[in-house]
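Single-structure report; data block below.
The values are calculated or read from the model by the stated rules, or taken from the named source; none is laboratory data. Here the structure is a predicted model, which is why all the values come from computation and not from measurement. Cβ coordinates were reconstructed from backbone atoms using ideal geometry, including for glycine residues, and neighbour counts include every protein chain displayed. Note: areas computed on protein heavy atoms with side chains; ligands, DNA, RNA excluded. Shrake-Rupley method; radii C 1.70, N 1.55, O 1.52, S 1.80 Å.
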Amino acid sequence: MTTYATSAALDYLASGHQPPDALPAADPLRLPPVHKRYPSAARQVLPPPPDDPRHDELLPCLSWLLHRTNGLTRMRWMSGIMPLGLGAPAARRVLLSPGRTGAASGSRYPVEVYVAHPDHDGLPAGLSHYDPVHHVLERLREGDGRALLTPLLAEPPAQEPEFVLLLSSVLWRNAAKYGVFGYRLLSLDAGVAVAQAVAAAEATGLTARVHPRYDDAALDETLGLSPFAESVFAVVTLHRPDSPRTSATPATWRGQIPSAKPDPVPITKIPALAEVAALHAAVRRAAPEGSATLPPLPDAPRHALPPASLDVADGFAGRRTVYGYRPGPVPQQTLAALLAAAAEPVVDGTPVQLAGAVQRVPGVETGAHLYDAAGHALVATRGADAVTAVITAAKSPMLADECRTATAVLAPCGDLRTGIERFGDRWYRAQNIAAGAAAQRIALAAAAAGLESHVHCDFDPEGVRSALGLSAGPLQPLVLVTVGPRAPHRTDPQLPLRAEGGVN
Ligand SMILES: Cc1cc2nc3c(=O)[nH]c(=O)nc-3n(C[C@H](O)[C@H](O)[C@H](O)COP(=O)(O)O)c2cc1C
């Protein structure tokens, strides 16, 4: 086992990783914009996303996939329950804000999506940026360079992918609000986008593979990114299940990347973010090979769950954040389907263990459990007092209130410390990406099952670890998702947005 004497990620675990006592509620109008554009780039209008994602032609599939991965899918009327907490109505601020299928910490949406594509139905081959506001592709480079990208992946796919999605993070977009804590959120947010891309691709009939390790410098350079302003956090290769199309012409990119708006803001210029810059530099250094396994489940009472399944893509239309639940019963079958779907691994070699406190599920003991995905069973880790212990570990009144009314407070967990010690600093980001993906799958599965959800980082990690009965082992809760039945007064109105084909 390799151990690393000095580690930016281990330092970060003790400092920036820990949530501040109160998450800031910054004025959105004074924060950096959440959309990037290339004003001088040629623009390719995308067809409207089809009603049925399993379309015969690939361009409508790509349109649907990009819209579900990072597009604007709804308008949110935010009455001010968030972000100012459950205060008096007079103190609440009202905001009308576009939302997406994926959750995003503080609505900062740091992820940008780029796609390398062959020529398709009038779309010439190229490297493009997805502009979610106009639902168009901004053409950054001409030519089919997919075969130039795949050798940059640590584990290149055996067959040439149909599309290569490059998911980047704009560091300042998030760090402007959250400071050093922002890198943890950026990693989780990237995981949310990864889960969206994978679930959307599968709904179109493509198969998806996530690549957390690659030549960072070369990929950032290919996209013309200034790596301490914006950097690739994950790559997803998308494959046709039938005959893969290999490019007929030699792989090439032509042209210079046009300049983008807003101007990039490298975090190296911001002294208060020195710790984030050090961590980002360490994460980008070459990562050693290897994949982790989860610690064995404890020898404790087990509860076999009934067979049940659901399709997370059925949650795309309904997934949204709510601020509390109707404290009514939820059938065991529903919990079983949700856990089975949410626990499906998204990032190979970076496993996530689901844990959680469960209440008001007839037939299931109230208390904390680990979910045994292989055996489709709950393994008890703490009794009914786990629910109050989780409430105590909440760092916001909103989370505490949700924990009281939620059916389940679910925690994607990982062993960050051992992973970093064995595999190096990049593990910190890879494990959080995998946890963010699991959180988004929980939220999608909840919506598919007719339940509501809210992703949280405003909790004391040690407090939740103890509340879930995990203190004796190495697992740490990386993010929380509360899940429960809809309570109308804890939900803001939402209007679906439809991309009527791209707008130039
Ligand atoms: C990684 C992550 C962390 C989050 N942490 C919190 C949190 O600590 N507190 C909170 O109230 N909401 C949190 N959220 C929820 C976001 O604020 C919410 O997703 C965002 O406002 C967008 O709204 P939507 O989910 O309805 O699309 C988090 C979301 C994500 C993805």
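Listed values, structure above:
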{"item": "Mean-position separation - Cα centroids, region 183-210 and region 458-504, in angstrom", "result": "16 Å"}
{"item": "Label-zone membership for region 308-331, site Trp77, 7 angstrom Cα→C-beta point, backbone N under 19 Å", "result": "318-324"}
{"item": "Region 245-351 shape via C-alpha gyration tensor axes, a/c threshold 1.5", "result": "prolate"}
{"item": "Cα-based shape type of region 183-240, given that a ≥ b ≥ c are square roots of the gyration tensor eigenvalues and the cut on a/c is 1.5", "result": "oblate"}
{"item": "Heavy-atom SASA rank of Trp64, Trp253 (probe 1.4 Å, accessible area, largest first)", "result": "Trp253, Trp64"}
{"item": "Geometric extent, Cα atoms of region 136-265 - Rg, Dmax (angstrom)", "result": "15.5, 47"}
{"item": "Packing-based ranking, highest mean first, of 200-210, 446-456 given that Cβ atoms within 10 Å are counted", "result": "446-456, 200-210"}
{"item": "Probe 1.4 Å, protein heavy atoms only - accessible area per residue of region 302-461 in square angstrom", "result": "31 Å²"}
{"item": "Chain lengthening between Thr366 and Thr392 when straightened (0.36 nm per residue, less Cα-Cα)", "result": "7.7 nm"}
{"item": "Gained length - Arg486 relative to Ala281, 0.36 nm times residue gap less alpha-carbon distance", "result": "69.5 nm"}
{"item": "Three-way shape call for region 302-490 based on the alpha-carbon gyration tensor, with the a/c threshold at 1.5", "result": "rounded"}
{"item": "Gained length - Arg30 relative to Ala14, 0.36 nm times residue gap less alpha-carbon distance", "result": "2.8 nm"}
{"item": "Volume of the Cα convex hull of the chain, divided per residue and given in Å³", "result": "139 Å³"}
{"item": "List Thr252, Thr237, ordered by accessible area with a 1.4 Å probe, largest first", "result": "Thr252, Thr237"}
{"item": "Residues Asp242 and Asp299, FRET efficiency given R0 of 41 Å [Cβ-Cβ distance, rounded to 0.05]", "result": "0.35"}
{"item": "Solvent-accessible surface ranking, highest first, for Asp460, Asp131 at 1.4 angstrom", "result": "Asp460, Asp131"}
{"item": "Residue (of Pro306, Ser396, Thr73) at the positive-pole extreme of the chain, dipole from beta-carbon charges", "result": "Ser396"}
{"item": "Point-to-point label distance, Ser291-Asp56, nm (Cα→Cβ direction, 7 Å offset)", "result": "3.7 nm"}
{"item": "Centroid-to-centroid separation of region 328-399 and region 98-169 [C-alpha atoms, Å]", "result": "34 Å"}
{"item": "Cut-off 13 Å between beta-carbons: net charge of the residues surrounding Val164, Lys and Arg +1, Asp and Glu -1", "result": "0"}
